[in-house]
Each structure stands twice: as C-alpha cells, then as structure tokens.
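First up is the structure itself, then whatever we jot down about it.
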Amino acid sequence: MTGTDALEPARPKNAARAGRRVRGTATLVVGCVLAGAIALLALVSLFWLPFPADDTSGGRLTGPGEGHLLGTDKLGRDLFTQVMTGSRIAVEAGLGSVLIAAVIGVTLGVLAAFAQGWLDDTLSAFLDILIAFPTLLLAMLIVAARSATLGSAVLAIGLAQSAVVARLARILVKRVLAQDYITAARTSGTSWPRTVLGHVLPNIWPTLVVNLALQFGLAVLAEAGLSYLGLGAPPPNASWGRMLQEAQATFTTAPAGALAPGILLVLLVIGVNLIADGLRDTLDPATRRRRT
Amino acid sequence: MARYLLRRLVFLVVSLALASVVLFVLLRLLPGDPANALTSVGASPEQIAAARHAIGSDKPLPEQFTHWLGQLASGDLGTSFVSSLPVGPEVSARLDVTVPLTLAAFVLAVLIAVPAGFVAAHKRHTWYGALLSGVSQLGIAIPVFWLGMIFIAVFALNAGWLPAGGFPQDGWSAPADAIRSLVLPVVTIALVMSASLIRYVRSATLDVLGSDYLRTARALGSSFGGAMWRHGLRNASVPVISVLGIELASTLLGAVVVESVYALPGLGSMLATGIAQHDYPVIQGVLFVSTLAVLLIGFAADLVQRIIDPRLRGRLSGGAR
C-alpha cells in the first residue's frame, strides 16, 4: 500500500490481512445469499408468476394468507406477484445503469487521466459540477425529455453515475501512471495501448469493481425513487417504488403492501453493498500479493 | 491567499457561465414544445403559433439565449410559461422551505455522524462499534421516501404527534406550525444522510488511527485525546469536508423525493412540476440558482479545507484530487 511497508514488522500485518480476507469472504457469502435470493426471485418471475399481473379476482386489500401470500393491493392484484415483477425490474435497473456507467465512466476517466493541462482541468471541473448534482434530478430531466419508461430511467441513472465512475477512474489511472513500473514499461519500449491493458487496467479494476457494485445499489434506490415520483416504468409494471407509492395511502390499514417492497429493496441493496465490501477485502491487490 | 481567491472567483464565474450555456442548450434539445403545455389538446396551428410567439419559443436560439442572459444580468429569472408569474419570487418562496429543511437536516446529520463515525472506528472491536457500522450499512440501503412513509405512519398517523405532511399556507408567519411540519422531513433526511456520512467519518478516523504521526505523538507522551485533538481532527476533517460539501449541495435539490412524501412546497418539487410542464423558465431558474448554490458550497468547502490543511494551499482546487 504505502512505501513504508518494507519497514514494518511483517507478521502482524500479514495476520491482519489474513483476518481481513476471512472477514471479506464471510461478508461476501452473506451478501451473495441476500442478493442471490432476490436475483432468484427475479429469475423465476421470468417464467412463472403466482397470478397474472392483471388478475384482480382476489378482492381488495385482503391481508396475507388465503391463497395470496402477501395479500392483495387496492385493486385486488396479488402483492406477491407484484413483488416478484418488482424484483426483476430492480435487478434490470441496477445492471443496466451500472453497465452504462461502467462503459462511459471508464472511457471518460481514462481519457481525462491521459489528457494534460487545461483539457484535464476542464473535464474534472465539469465532472465535479455534474457529481454535485443529485443523480435523481439529472434522471428526472432525462426522463422528462424522453417518456417515463424503465429504459429512460436506466439511461438517466447510468449517465448520472458515469460522472462518478469517470472521476474515480481518472484518479485511479493518474495514480497508476505515476508509478515507477509504468516509467519502466515505457522506457523499455512498451506501447501505450499495451501499457494500459497490461499495467493500468489490471491495477485499477479491483477498486472499480467495488465501486460499480456500490453504484448498483444506488441505481436500484434511484430507480425506486423515480418510480415513486411516477417517472419510472409505467403501469402495469410493478416497480417496487411504484408499489410503495400506491400503498402509501393505506399504510396503516394494509401495511403488507407498504412494507414488503421496502424490505426487499433494503435486502437487495444491503446484499450488493456487502458484496462490494467483501470484494474490497478479497480483491485488494496489496492483500493478494502477500498470499503464500 | 488573495491570488487564490481571485483565481477561484474567476473559476466560479466561468463555471457558472458554462453551466448556463449547457443548461440552456440541453433544455432546448428536449423534445416537446412548451407551447403544447399552454394550449389545450386539439388546438389549431394558429393557436399554437400564437402561443409560441407569446412565450418567444419561435425566435432563433441565440436570440432566446441572449434574452435570457440579459434578464439574468438584471437579476430577473424570467416568467413562467405556464402560470405567467415571475420565477424569481417563486424560487425565493420555495427557498424559505428548502433552505431551513436542508440546513437543519445537514446540521443534525453532522451532529449524528461525526461522533458515531468516530466511535465506529475507535471502538470497532466492541459490540457497539460494530453495531454502529451495521446501522449505517442499513441506513444507506433504505430508500429515503420509504423511511418517510414509515415515519408518517408511526409518528403522524398512529401517534398523532406531528403533521403527516404539508406546510402552513402563510409560511413562517406561524413559526411553530412551520417548524412542526418540518420536524419529520428533517429527521428523515438527516438519518439517511448521516448513514453515509458515518462511513466517511469512520474511514477518515481509521486512517488517522493507523497513522505514523499519531503514533509519534503518543510516543512523545501526549494523551490519546490530546493527540487526536491536535493532529487527528485536522487530518481527518479534510476528506470529510469535501464529502460534506457534496452532501449539502445534493440535499438542496435531492430533497425532492422527501418533499414529495411530505407534500412540502420546496425547490425540488418546483423543479419536478416545471419539468413535467416543459416550463423552461422555471427549470432554468431553479437549476441556475441551484448551480450557483452548488458552486458556492464547493467554494466554501475548498476554502475551509485550505484553512485547515496548509498543504493544499498550492493548488487551485483542494480535496478530491
């Protein structure tokens, strides 16, 4: 990590790192279980749903039980069916946004890192301003410009997040470029493309992956927020945010509809965040190098 | 210092100018003519043309832009296409809700997060240190609007302690009512904001705790508290302040969801309505004011960081880079 590593007693540090790795693995497992359960729900919803999405035969606002695992909403639609569809939308929103953020963000970040002088200054100032603006508002602007669909929401969230990823990528690349091994590679005649692929990317991807996992959770939250405002996937798509918005008025009389989507949302985001934490502890190159 | 202030001021003005150009161009790229919002469905082409002429959206873009800049220079944010009311007074009325909401939530979040983050780092091997980290993990996963819904159900509908939403019609002329209606929104935002702040404070504190200078200070005989106060606080606060700046700026507008949950007439909901109605002057006005606020907050955060950390004084912009 720092240049002082060699001066410090080796054993305690190795022990601490080993501990970090074990804890990292445990965190990773818990995170995978949580996020995996929701992903499974999403996967199953592609092939099978307890009730058709527009089936309103269940009677309005019935409580949990009686053939409806979670009861029904104010139109008589099965809540568990909606929760399952919602898990699919949440996972799609997270994956789509992160993919966009990764592609645009990393490209911009690498470019900014290689740019020098005013171009670098301008790009970073632009990214700083963009980052200061709430993701949700950039998203609202884009969603309003296009129509309110899941696609617009994902595009909007992905674009807003790409600024964050770009700034991180820029800092990471700059840090790597300042290392002696880059100078060594360059003086030994390695071309820039080979340097980037062979030295820069392998050194920055662990940190990037961890950040992208965190962005996944944020994207899921942002999509829920947009849907709550009525700017996400239009009905009858049961996004968790929309379900919560619809259930708000009947929170005290029929709490299942206002609790279930929220709880699943929290579990998914915690799961993904735990995966990010676990990855950070296990992927850290400084940790990996010491493995014997 | 004077040189820095001058350069920073130039940077501020240039950023603001750039942002206003980007804002203007981006908005004009949006499909959908604002004149449609003014005319009813099935309006004749003549009626639409008249509406376009009335709001000036038939003029060439550069002319619209210079017109807008001219207005801005004289402190006028323009007139809403939809309500025909001036945007400036509306924005300042909204700020009466949003600024107290944001500042109170921000202060509360800092008051929660700084001690909690410190304890979470310093006492990380105890059960309560771990619990604090766990709670902050939970806090960043909770959608802010869902927390708001739960608070309304528990504290307003069930217990009946506080209003479930809305803001007094006559605003701050009834201060007690205004404060009561802001309590739940402030706590909602503060809790969610502090959850992420705790993580930053915790990691900044961990950096300090593992630092050589702290060990040296302790070896030279200073007490833990004394060393933290003299060396730790200063070093830990630099990264935290840059996060605080971003959090404050994003809460100013990001409160839109909370404003929607609690039906508060704030800046965020004004922007949301403006976007829905293609009301360019409203969108431009709100975003211009918020860009200004974002830049000023960034400036302030920079300045505070430079005062705290002399090593940053050689750079134009501190903190993140």
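Results, tabulated for the structure shown:
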read-out: From A:SER97, A:SER147, residue being hydroxyl-bearing (Ser, Thr, Tyr), within 30 Å of A:PRO52 (Cα to Cα) and surrounded by fewer than 19 Cβ atoms within 10 Å (Cβ to Cβ); value: A:SER147
read-out: Filter result for the condition that a residue is within 11 Å of chain A (Cβ to nearest Cβ), more than 15 Å from A:ILE129 (Cα to Cα), modelled with pLDDT of 80 or more and over 20 Å from the mean Cα position of the chain (by Cα), over B:SER211, B:SER260, B:SER269, B:SER223; value: B:SER211
read-out: Criterion: closer than 30 Å to B:ARG202 by Cα, within 14 Å of chain A (Cβ to nearest Cβ) and either surrounded by 14 or more Cβ atoms within 10 Å (Cβ to Cβ) or under 25 Å from the mean Cα position of the chain (by Cα) (or both) - qualifying residue of B:GLY139, B:GLY134; value: B:GLY139
read-out: Odd one out for A:THR81 among (1) away from every other protein chain (no Cβ under 14 Å); (2) within 18 Å of the chain's Cα centre (by Cα); value: (2)
read-out: Cβ-Cβ under 9 Å pairs, at least 6 apart or on other chains, segment A:232-252 side within 18 Å of B:GLY148 (Cα to Cα) and more than 8 Å from every other protein chain (Cβ to nearest Cβ), far side of a type in the set (Asp, Glu) and buried (at least 23 other Cβ atoms within 10 Å of the Cβ); value: A:TRP240/A:GLU223; A:MET243/A:ASP73; A:GLU246/A:ASP73; A:ALA247/A:ASP73; A:THR250/A:ASP73
read-out: Any hit, segment A:203-211, residues being within 16 Å of the chain's Cα centre (by Cα), aromatic (Phe, Trp, Tyr) and part of a helix (DSSP H, G or I); value: yes
read-out: Filter result for the condition that a residue is more than 30 Å from B:GLN284 (Cα to Cα), touching a residue at least 12 places away in the same chain (Cβ under 8 Å) and not in a helix (DSSP H, G or I), over B:LEU132, B:LEU162, B:LEU138; value: B:LEU162
read-out: Selected residue [surrounded by 23 or more Cβ atoms within 10 Å (Cβ to Cβ) and at the interface with another protein chain (Cβ under 10 Å from one of its Cβ atoms)] from A:LEU214, A:LEU268, A:LEU259; value: A:LEU268
read-out: Top-ranked residue of segment B:45-104 - restricted to ones that are farther than 27 Å from B:ALA249 by Cβ and of a type in the set (Asp, Glu), ranked as surrounded by the fewest Cβ atoms within 10 Å (Cβ to Cβ); value: B:GLU46
read-out: Given (1) among the aromatic types (Phe, Trp, Tyr); (2) buried (at least 22 other Cβ atoms within 10 Å of the Cβ); (3) within 14 Å of another protein chain (Cβ to nearest Cβ), number of the condition B:PHE151 does not satisfy; value: (2)
read-out: Residue tally, condition polar (S, T, N, Q) and touching a residue at least 60 places away in the same chain (Cβ under 8 Å), over segment B:59-79; value: 1
read-out: Among the residues listed as A:VAL266, A:VAL272, the single one being over 22 Å from B:VAL256 (Cβ atoms), modelled with pLDDT of 85 or more, aliphatic (A, V, I, L, M) and part of a helix (DSSP H, G or I); value: A:VAL272
read-out: Residue check, A:ALA163 modelled with pLDDT of 85 or more and touching a Gly at 6+ places or on another chain (Cβ under 9 Å); value: yes
read-out: B:VAL243 being within 14 Å of another protein chain (Cβ to nearest Cβ), in a helix (DSSP H, G or I) and crowded, with 22+ Cβ neighbours inside 10 Å; value: no
read-out: Number of the exception - B:SER196 against (1) more than 14 Å from chain A (Cβ to nearest Cβ); (2) polar (S, T, N, Q); (3) touching a Gly at 6+ places or on another chain (Cβ under 9 Å); value: (1)
read-out: Count of residues meeting criterion [touching a residue at least 12 places away in the same chain (Cβ under 8 Å) and either among the aromatic types (Phe, Trp, Tyr) or farther than 20 Å from B:LEU312 by Cα (or both)] in segment B:211-245; value: 5
read-out: So A:SER227, is it touching a Gly at 6+ places or on another chain (Cβ under 6 Å), within 30 Å of B:ILE142 (Cβ to Cβ) and more than 14 Å from every other protein chain (Cβ to nearest Cβ); value: no
read-out: Pairs, first more than 8 Å from chain A (Cβ to nearest Cβ) and of a type in the set (Lys, Arg) in segment B:16-29, second part of a helix (DSSP H, G or I) and surrounded by 15 or more Cβ atoms within 10 Å (Cβ to Cβ), C-beta under 9 Å, six or more apart; value: B:ARG28/B:GLN64; B:ARG28/B:PHE65; B:ARG28/B:TYR280
read-out: Complete set of residues in segment B:287-313 that are basic (Lys, Arg) and at pLDDT below 80; value: B:ARG311, B:ARG313
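The values are calculated or read from the model by the stated rules, or taken from the named source; none is laboratory data. These figures come from a predicted structure and were not determined experimentally. Counting neighbours? That spans all protein chains shown, and the Cβs are built from the backbone with ideal geometry, glycine included.
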